[in-house]
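Since the structure comes first, as structure tokens, the remarks are kept for the end.
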């Protein structure tokens, strides 16, 4: 059964796959930025990309297992939704909360 509220959006396993690919791209780009040795390196860019990776990965897990992803403004809504994913949702929700 899928959870639906005004703060979620229906999504498919295909959507989950797309969000997973996006998450991987964000991680790779964050790593490239973090590896930059130029004097004008901005660590905030790498951190922002890492946060986007976490959001995309959370969306991927929720789409794959629940058929919905969070669409609310509050990060706590996304954390709570990820926490319902079986298996490991509770632990992943806690980890996700630390990056958002």
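Here, each number is a calculation from the coordinates, and none is a lab measurement. Please read these numbers as outputs of a predicted model, since none were measured by experiment. All Cβ positions, even for glycine, are placed from backbone atoms using ideal geometry, and neighbour counts span all protein chains on display.
In the distance distribution for the chain, Cα-Cα pairs more than 24 Å apart total 24 percent. The slack between residue 94 and residue 12, meaning 0.36 nm per residue of separation minus the straight C-alpha distance, is 27.1 nm.
For every helix of n ≥ 4 consecutive DSSP H residues, a contribution of -39,500 (n - 2.57) applies; sum these over the chain, divide by its total residues, and give [θ] at 222 nm rounded to the nearest 500 deg cm²/dmol.
Working: 4 runs with 65 residues, N = 100.
That calculation yields -21500 deg cm²/dmol at 222 nm.
The angle between the Cα long axis of helix 13-34 and the longest principal axis of the Cα atoms of the chain comes to about 20 degrees, rounded to the nearest 10. Among 14-27, 83-96, sorting by the average number of other beta carbon atoms lying within 10 angstrom of each residue, highest first, gives 14-27, 83-96.
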